[in-house]
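Comments concern the structure below.
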Amino acid sequence: MNSVISEIKKGKNFLVCSHVGPDGDAMASTLAMGLGLEQLKKKVTYYNHDPVPENLRFLPASKKVITELKETFNFDAVFVMDCGALERLGKKFAQFHGYKKIINVDHHASNDRYGDINYILSDAASSGEVVWKVLKKAGCKLTSDIATNLYCTLVTDTGSFRYSNTNEHTLKLASEMVAAGADPSTVSIHLFESQPYQAFQLLGRLLDRLKVSSDGRYSWSVIYQKDLKEVGTSYEVTEDFINYPRAIKGVEVAFLFKELPEGAYKISMRSKTHIDVSQICMAFGGGGHKKAAACIIKGSFDDVSQKIFEKVHAVLV
Ligand SMILES: [Mn+2]
């Protein structure tokens with residue numbers, strides 16, 4: 001922590017960013033960090049490989065996010081939020097060298113510590129929570145804009161305060177954010193009640209294909225590329241879809257297989273019990289948290305799902 005603070009004090013010009021396909025924690029923790037640094041009179045550039053998803057465009061400062069890195073940029077440090085591995089920043093960042101240091105701010109236990117400085121609190125409910133620790137220590141005031149972003153990180157990563165990472169501290173923190181100006185109903189409407197109609201057409205296909213294992217302990221569904229084409233949407237709308245297999249009574253582990261254009265599947269996993277899905281994902285080069293993780297495997301759906309089910313049989317003994 002002290003080394004993070006001293007970099008903030010020393011530096012004048014920072015980049016803040018997060019992983020490709022940003023979710024509410026990735027994007028809002030980036031924005032909160034940037035707003036905090038600006039408050040400390042720093043020059044801040046906000047970057048993501050992808051444009052801000054439509055449902056997150058209500059977030060304060062989201063309009064500042066750019067999707068290209070100029071060669072002329074020269075940052076004292078890059079703050080990377082909510083990103084377990086550097087490759088997750090995307091190809092454009094991999095080709096960019098206009099910075100002196102990387103400061104890795106995260107809450108993924110599987111984070112591979114790629115930063116020159118790594119500040120990773122795996123007990124934190126969201127990366128936003130880690131960001132706020134840093135900003136508070138750096139002397140930032142909690143403005144309503146920062147609070148709205150931080151509140152969004154908490155709602156996103158706790159499933160609206162339903163998951164097991166929700167504790168007394170999480171709720172106190174959320175309360176602090178609301179006191180500072182975050183409006184829970186506005187955040188919820190944007191996050192959960194502003195879905196395009198196509199999202200539900202896609203969800204219908206997912207529910208049609210929903211399967212449960214013979215022992216009832218795990219469940220899965222799949223979305224194919226042809227679904228996206230026929231419905232006219234993208235994976236951006238599927239962020240909460242994994243909650244449907246997860247919600248079945250008796251299911252301990254849920255999987256959502258998403259076909260990628262290049263002959264591979266992205267598999268999102270959720271655990272409702274002690275089963276650590278990040279271990280399953282790490283076996284295939286992915287990662288995440290004990291209860292929420294993901295990996296990518298090449299091959300047909302039959303091959304990929306068989307590999308996953310073999311692993312899950314081994315852990316569900
Ligand atoms: Mn997160």
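In this structure, residue 164 does not qualify as within 16 Å of the ligand (Cβ to nearest atom), touching a Phe, Trp or Tyr at 6+ places or on another chain (Cβ under 9 Å), in a loop (DSSP other than H, G, I, E, B) and not aliphatic (A, V, I, L, M). Taking the criterion of being over 21 Å from residue 261 (Cα atoms) and hydroxyl-bearing (Ser, Thr, Tyr), the residues of the range 191-247 that qualify are 194, 197, 213, 214, 218, 219, 244. When residue 61 is tested against (1) at negative phi; (2) more than 16 Å from the ligand (Cβ to nearest atom), just one condition goes unmet, and that condition is (1).
Under 24 Å from residue 1 (Cα atoms) and touching a helix residue (DSSP H, G or I) at 6+ places or on another chain (Cβ under 9 Å): does that describe residue 155? So residue 155 fails the test.
Residue-level analysis places residue 250 outside the set of residues that are away from the ligand (no atom under 16 Å from the Cβ), within 27 Å of residue 120 (Cα to Cα), in the same structural domain as residue 212 (by TED's automatic domain parsing) and in contact with a strand residue (DSSP E or B) (Cβ under 9 Å, 6 or more places away or on another chain). Among the residues of the range 255-274, the ones that are β-branched (Val, Ile, Thr) and modelled with pLDDT of 95 or more come to 1 in all. Among the strands (runs of 3 or more DSSP E) confined to the range 1-114, the ones with at least 3 residues that are of a type in the set (A, V, I, L, M) are located at 77-81, 102-106. The residues listed here are 109, 94; of these, the one that is open to solvent by 30 Å² or more (accessible area, probe 1.4 Å), touching a Ser or Thr at 6+ places or on another chain (Cβ under 7 Å) and not aromatic (Phe, Trp, Tyr) is 109.
When the test is whether a residue is at pLDDT 95 or above and hydroxyl-bearing (Ser, Thr, Tyr), residue 163 does not pass it.
May I ask you to list the residues in the range 122-137 that are of a type outside the set (Phe, Trp, Tyr) and either surrounded by fewer than 17 Cβ atoms within 10 Å (Cβ to Cβ) or not in a loop (DSSP other than H, G, I, E, B) (or both)? Break it down stepwise before answering.
Filtering the range 122-137 for residues of a type outside the set (Phe, Trp, Tyr) gives 122-131, 133-137.
Matches in the range 122-137: 122, 123, 127, 128, 129, 130, 131, 133, 134, 135, 136, 137.
Taking the range 175-214 as the range and being closer than 15 Å to residue 240 by Cβ, in contact with a strand residue (DSSP E or B) (Cβ under 8 Å, 6 or more places away or on another chain) and not in a helix (DSSP H, G or I) as the test, only 210 passes.
Any residue that is loosely packed, with under 13 Cβ neighbours inside 10 Å and either among the polar types (S, T, N, Q) or under 22 Å from residue 271 (Cβ atoms) (or both) - is there at least one of those in the range 171-182? Steps first, answer last, please.
Residues of the range 171-182 loosely packed, with under 13 Cβ neighbours inside 10 Å: 172, 175, 179.
Of the ones still in play, those that are also either among the polar types (S, T, N, Q) or under 22 Å from residue 271 (Cβ atoms) (or both) are 175.
Yes, the range 171-182 contains a residue that is loosely packed, with under 13 Cβ neighbours inside 10 Å and either among the polar types (S, T, N, Q) or under 22 Å from residue 271 (Cβ atoms) (or both).
Conditions (1) among the acidic types (Asp, Glu); (2) under 22 Å from residue 303 (Cα atoms); (3) assigned by TED's automatic domain parsing to the domain that holds residue 132; (4) touching a Pro at 6+ places or on another chain (Cβ under 6 Å), marked per residue:
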| position | (1), (2), (3), (4) |
| --- | --- |
| 161 | no, no, yes, no |
| 181 | no, no, yes, no |
| 206 | no, yes, no, no |
| 217 | no, yes, no, no |
| 227 | yes, yes, no, no |
| 239 | yes, no, no, no |
| 254 | no, yes, no, yes |
| 265 | no, yes, no, no |
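I'd like the full set of residues that are among the aliphatic types (A, V, I, L, M), within 16 Å of the ligand (Cβ to nearest atom) and either in the same structural domain as residue 236 (by TED's automatic domain parsing) or open to solvent by 20 Å² or more (accessible area, probe 1.4 Å) (or both), limited to the range 1-41. So that I can check it myself, show each step before the final result.
Our first condition is that a residue be among the aliphatic types (A, V, I, L, M); within the range 1-41, this holds for 1, 4-5, 8, 15-16, 20, 26-28, 31-33, 35, 37, 40.
Subsequent filtering for residues that are within 16 Å of the ligand (Cβ to nearest atom) retains 16, 20, 26-28, 31-33.
Matches in the range 1-41: 20 only.
The values are calculated or read from the model by the stated rules, or taken from the named source; none is laboratory data. Only a predicted model underlies this, so the values are computations on that prediction, with no experimental measurement involved. Positions of Cβ are generated from backbone atoms using ideal geometry, with glycine treated the same way; all protein chains shown enter the neighbour counts. For accessibility, only protein heavy atoms count, side chains too; no ligands or nucleic acids. Shrake-Rupley method; radii C 1.70, N 1.55, O 1.52, S 1.80 Å.
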